[in-house]
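Single-structure report; data block below.
Each reported figure results from applying straightforward, stated rules to the coordinates on display, with no laboratory input. The structure presented is a predicted model; accordingly, all values stated were derived computationally and were not measured. All Cβ positions, even for glycine, are placed from backbone atoms using ideal geometry, and neighbour counts span all protein chains on display.
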2 protein chains.
Amino acid sequence: MSEYIEHDKSGVSVGLVEKQFFTFAEPPNPMKLDSGAVLGPVTIAYETYGRLNEDASNAVLVAHALTGDSHAAGCYSKTDPKPGWWDIMVGPGKGIDTNKYFVICSNVLGGCMGSTGPSSVNPTTKKPYGASFPVITIGDMVRAQKALTDHLGVKRLLAVVGGSMGGMQVMEWCVRYPEMVTSAIPLATTTRHSALAIAFNEVARQAIMTDPNWSSGDYYGGNKPAMGLAVARMIGHITYLSDEAMRQKFGRRLQDKAAVSFDFGADFQVESYLRHQGAKFVERFDANTFLYITKAADYFDLEAQHGNGSAVEAFSKARARFLVVSFTSDWLYPTYQSRAMVTAMKKNALDVSFCEIEADCGHDAFLIPNPRLSALIKGFLESVSTGQQHP
Amino acid sequence: MSEYIEHDKSGVSVGLVEKQFFTFAEPPNPMKLDSGAVLGPVTIAYETYGRLNEDASNAVLVAHALTGDSHAAGCYSKTDPKPGWWDIMVGPGKGIDTNKYFVICSNVLGGCMGSTGPSSVNPTTKKPYGASFPVITIGDMVRAQKALTDHLGVKRLLAVVGGSMGGMQVMEWCVRYPEMVTSAIPLATTTRHSALAIAFNEVARQAIMTDPNWSSGDYYGGNKPAMGLAVARMIGHITYLSDEAMRQKFGRRLQDKAAVSFDFGADFQVESYLRHQGAKFVERFDANTFLYITKAADYFDLEAQHGNGSAVEAFSKARARFLVVSFTSDWLYPTYQSRAMVTAMKKNALDVSFCEIEADCGHDAFLIPNPRLSALIKGFLESVSTGQQHP
């Protein structure tokens, strides 16, 4: 979610990787979406790390969060300064050990990093879809991932792993394709957004949609709604941190000044940080994708969509072993929401381990090096791959 | 702060009230501001409720929060549907009993509800100040209030009361004019903004300043930066509520629909609510004032400005009796910040009562009818006015 990660310098990387593409749902057989709309063709950008073993039993699917992409680990070239977004976790000997597992990560449907989304060209009109792109759901994202795993010859996933919106995809996998999912690791996530989470997303969307350059979504080739997207990103960044994390990281420290400036420049470091994050994000991300993906996350409601309003009923469809992880300072998806998931899983006699990790750094904790989290995931995957029961 | 108040229908109102104006600092003797800039003339809009007694010993100053005004209680006419913003607390027999006390409330310096602010006409240029208005501080606001109390013949305040940014003014009064303040009631406030609070304000300011209609602050007579201001207000509204309050008030309930719409309209009630709050706010509030007042709140730092970085040293100047109140679900100015104030007061052997009120409704709790809060304030004022020592 945040790219503000202090990378684990000691880790061994998977090395050079390449983004690949898979296209399916070619007309006249387009993909039918949860909304009832159809979309085709659909291209999914993905990367893989490690090797699929002979009986195709070692595949681990990593699902990314809101602003992530298929580039979970490794680098694109020897001079590439920036490894994938979860390089701290995915690599030889790491939490998700690429010496043992075949790791797949794809850009979500609706994304802007190679998969079909609102910035893609609509083959019918030969223009970018813009706001004519159909509204998609977490379920649609997962069905596109299923098409990809089929294509890769993976019939069963040893694990599906993801944090935040990635965790929603994890749970969707478990109830939509239970026969395919051996184990699942939802991190810092929820079965449905609270009003608070919807509220933040809505304000971020309003910032984009009220930017005159948004032009009802039809801005490609012209000025981008950069101001609105930057504000949206700043709002997001606040929610990914915590009161304590911000106190430690910034406090009331001033930016390059001995005293406040008595103007509307960035006096405080936290102001500079947010402005910088906003400006950087605008360079790499599409505003329409931000709208579509936040809406998909807001719409996600495992209880309503798979359990007639009951989490217990929804998880009755699941067969996976679970490792559920929350973080103490995550106020976007607080621990009580993970506990509710765990309770519903346990009522179904599912094999579930739950860990609330003490962390000051807020929602983004799963993206930040944490030996405890790495060890937890590593141990869990080992026990799953050797068929051990949880003690 | 929020106008979303369920008014105490049972309360007796102070009845019809009138906004009044006091002008001072006429050139060539303008007001010297904390920034070093000068400003004059300065007009302060104010209202009073109740009567000043003969020895002028029953005056209570009420300081408003970010988007409040001088209209704390009563109505402007018999058909006025909306009483003042703290009508639940200020009136005959209420927490601040206007049968006993002479209550003064003024619009802050920099405001847009009658006091001199960025939307006021600069007498030199005959145009609204806009962004040429000097950056003001909580200290400047308080010095303007002091000019007003002098004008009203009030030499000593029985109490200074206020929540949120009003609470900052309360504390500023206590250390700037200790000989004038008999007692002080800071509610849901802090001696200095955390990085989190600055961050929310900065994003709100960015939303305004990146609205093309803001025009570097020079928008008067043209299109207002309504979109930016609406987004700023929506951000504020989220911070005034709480996770639990939003769950109770909205949950995931849909707005006038049986199912989600698969478009970018307001599907959820919380989305409609925020859009409505944003749109309503734009009608009544000036975007530049929002910028100036949030900046003043961010700059406020009692420790730095009055205690060389030490809260204990800052409060060593105070002489007032204190009633400090925080609310359990206030995550903008959490209880730990009130506790830190109380600790610093106690180290100075000040007479301080502290109460953390159990409330689900977040930061805005002080604006919502709460018998416990009313009783606390009423009892405290009575003991102060009769000279009783705190038990």
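Computed quantities for the displayed model
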{"read-out": "Contact order relative to length of region B:205-290, as percent, for alpha carbon pairs under 8 angstrom and 6 or more apart", "value": "33"}
{"read-out": "Across the identical copies, how the A:H151 labels are spaced - nm, sorted shortest first, 7 Å along Cα→Cβ", "value": "7.2"}
{"read-out": "For region A:361-390 and region A:43-122, distance of Cα centres in Å", "value": "18"}
{"read-out": "Cα coordinate range in chain B, projected on the principal axes (Å, largest first)", "value": "64, 51, 48"}
{"read-out": "Percentage relative contact order, chain B, counting C-alpha pairs under 8 Å, at least six apart", "value": "18"}
{"read-out": "Only Lys, Arg (+1) and Asp, Glu (-1) charged, at Cβ; chain A dipole about Cα centre in debye", "value": "340"}
{"read-out": "Sequence-distant residues sharing a close amide H with A:D351 (under 5 Å, placed H)", "value": "A:F322"}
{"read-out": "Per-pair calculated FRET efficiency, R0 = 51 Å: B:T386 and B:H276 via Cβ, rounded to 0.05", "value": "0.65"}
{"read-out": "Length released on extending from B:H151 to B:S310, taking residue separation times 0.36 nm less the Cα-Cα span", "value": "53.9 nm"}
{"read-out": "With at most 12 other Cβ atoms within 10 Å, longest stretch of chain A clear of loop GluC sites (Glu not before Pro) (DSSP)", "value": "A:55-357"}
{"read-out": "Set of lysines near B:K317 by C-alpha distance (under 20 Å), chain-local residues within fewer than 8 positions excluded", "value": "B:K146, B:K155, B:K346, B:K347"}
{"read-out": "Chain B - mean residue ellipticity at 222 nm from DSSP helices (-39,500 (n - 2.57) per run, n ≥ 4, rounded to 500)", "value": "-10500 deg cm²/dmol"}
{"read-out": "Copies compared at B:K346 - label distances in nm, ascending, label defined 7 Å from Cα in the Cβ direction", "value": "3.7"}
{"read-out": "Exam field: A:N223 pseudo-label spacings to other copies (7 Å along Cα-Cβ), nanometres", "value": "1.1"}
{"read-out": "The protein assembly as shown - convex hull of the alpha-carbon atoms, volume per residue in Å³", "value": "176"}
{"read-out": "In region B:26-91, the chymotrypsin sites (Phe, Trp or Tyr not before Pro) that fall in loop regions by DSSP, at most 16 other Cβ within 10 Å", "value": "B:Y76"}
{"read-out": "Kirkwood hydrodynamic radius (C-alpha pairs) into Stokes-Einstein, region A:205-290, 20 °C and 1.002 mPa s, D in µm²/s", "value": "152"}
{"read-out": "Sites A:T124 and B:S261, calculated FRET efficiency, Cβ-Cβ separation with R0 22 Å, nearest 0.05", "value": "0.40"}
{"read-out": "In Hz, Karplus ³J(HN,Hα) per residue of region B:61-67 (6.51, -1.76, 1.60; θ = phi - 60°; x = Gly, Pro)", "value": "9, 9, 9, 8, 8, 2, 10"}
{"read-out": "Shape category assigned to region A:271-391 from the gyration tensor of Cα positions, a/c cut at 1.5", "value": "oblate"}
{"read-out": "Cleavage-rule hits, trypsin sites (Lys or Arg not before Pro), region B:100-173, DSSP coil, Cβ neighbours within 10 Å at most 13", "value": "B:K126, B:K155"}
{"read-out": "Estimated distance in nm for a label pair at A:S216 and A:A349, the labels positioned 7 Å out from Cα along Cα-to-Cβ", "value": "5.7"}
{"read-out": "Separation in nanometres of the label points that stand 7 Å from Cα toward Cβ, at B:Q248 and A:K78", "value": "6.4"}
{"read-out": "Phi to ³J(HN,Hα) by Karplus 6.51 cos²θ - 1.76 cosθ + 1.60 over region B:155-171, Hz, x for Gly, Pro", "value": "9, 8, 9, 4, 7, 10, 10, x, x, 6, 5, x, x, 5, 5, 4, 5"}
{"read-out": "Interchain or long-range residues, amide H under 5 Å from A:S183's placed H", "value": "A:A159, A:V160, A:R321"}
{"read-out": "Note, ³J(HN,Hα) from phi for region B:73-83, Karplus 6.51, -1.76, 1.60, rounded to Hz, x at Gly and Pro", "value": "8, x, 10, 7, 7, 5, 9, 4, x, 10, x"}
{"read-out": "Sites A:N53 and A:K317 - FRET efficiency at Förster radius 41 Å, r taken between beta-carbons, to 0.05", "value": "0.90"}
